[in-house]
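Since every read-out is calculated from the coordinates, none of them should be taken as a lab result. Treat the numbers as computed from the prediction; the structure is a model and nothing was measured. Virtual Cβ from ideal backbone geometry, glycine too; neighbours counted across all protein chains shown.
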Amino acid sequence: MSRAMHPWLRGAVASTLLLAGTASAGDVFLIIWGGGTTRAQGGQSARELGSPPWSELLRPGEGYPRVEESRQVAGLKPGFHVATLGACATEQEARAFLKAVHEVAQARGGSSGVYTRAIQDGRSVACPRLTEGIPATPAAPEAEAAAAEVARLRTRCDAGDFENCLFLGDLLHPEGERRRNSKRPLPGPDEGKAMEALKKGVQLVEEGCARSEVKACLELSSLLDPTGKPWPATARALVRPDAARAEAMLRRGCKTAMTDRESHDECRLLGVQLLEGTGDDAKARQKEGVELLTRACRGQRNPDACVSLAEAYEFGTGVPQNDKKARELYETACYEHSEAFRSACDKAGVKFDTREE
């Protein structure tokens, strides 16, 4: 479960997943801040626009920002939820706005993943703009940048965002992974404040999962799993490992994901865990694991679930070994769902071709 991605960069990843259509007469140019495969991820990107510094720097087009489902926007690849800032009449106008945003972000020691796509859904022009009079100021000194990073995380933590609490705690903790791996300027370590932030983060995770919030249940399951590697590891001391409860949290998150018909990872992780079934009910657990992975792959269009199920058939984990089914599932992940799986699918194809000769 990756959590190291900075919010400034989130949109850049989403941009690689959407089609760059060729502009034609009647197009407008949608300005996209970021997003992901779920509405919650799109909403998170949209909320960033309401927080400093962007709440002070940007003026979205009239009727924006919005969280839009890409399959409902002609010109975007389906399967994503994106936060949009507006729609410009010409590509030149859109590119000028992007350039201004990137320059302002870089001047403040960060970067921006905002991008544009030509769309054809008949919407009105409402181009966003920067706030008038915003200068491209020099980047803050390192100490100020470090303090600003901590203040940003603390503000979001105080607002009830468990991820930012956990990020803050791991950043301040002397042994924090985020602290060790950061290439940005950092404040001095403070274990007391770190544990305070981590404790609040864990509390928010517990409360969120109790409300059946999928993301919180996945986080809690990671912290509870005695065999896994939780993130952040610095929070493990605040939670007693409990394999049964970890599985229960995954089940709760998976149930909610299926109800919402969104592509979450809980069902895949639960399915993989069940495939490793042990004890008297091993066969029943393995059967359930296959059913969950199949549903996540076919129904929720989760390419990771397709790959996990393909691996199960390839190596005979919890199911009879079956090269034909494995290859079909690898191809499903590759060709129907995500370009990111094309190389893995091609490699699997070569291997299976060799076996069949």
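So the values come out like this:
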quantity	calculated
For region 177-320, radius of gyration divided by Kirkwood radius, i.e. Rg to Rh on alpha-carbons	1.04
Distance between modelled label sites at LYS287 and GLN92, nm, 7 Å Cα→Cβ extension	6.7 nm
Size of region 184-231 as Cα extents on the principal axes (Å, biggest first)	36, 24, 20
R0 of 25 Å, Cβ-Cβ distance ALA100-SER51: FRET efficiency to nearest 0.05	0.80
Across LYS287/LYS324; LYS77/LYS324; LYS199/LYS229, pairs whose alpha-carbon gap is larger than 25 Å	LYS77/LYS324
For LEU58, residues with placed amide H under 5 Å, excluding near neighbours	THR131
Student exercise, region 143-243 dipole from Lys, Arg, Asp, Glu Cβ charges, in Debye to nearest 20	240 debye
Using distinct alpha-carbon pairs, which all enter the 1/r mean, Kirkwood radius of region 143-243 in Å	13.6 Å
Contour excess over end-to-end distance, with Cα ends at GLU69 and ASP280 and 0.36 nm allotted per residue	71.5 nm
Residue order, fewest to most beta carbons within 10 Å, for TYR330, TYR313	TYR313, TYR330
Relative exposure of SER51, SER45, judged by other C-beta atoms within 10 Å (fewest first)	SER51, SER45
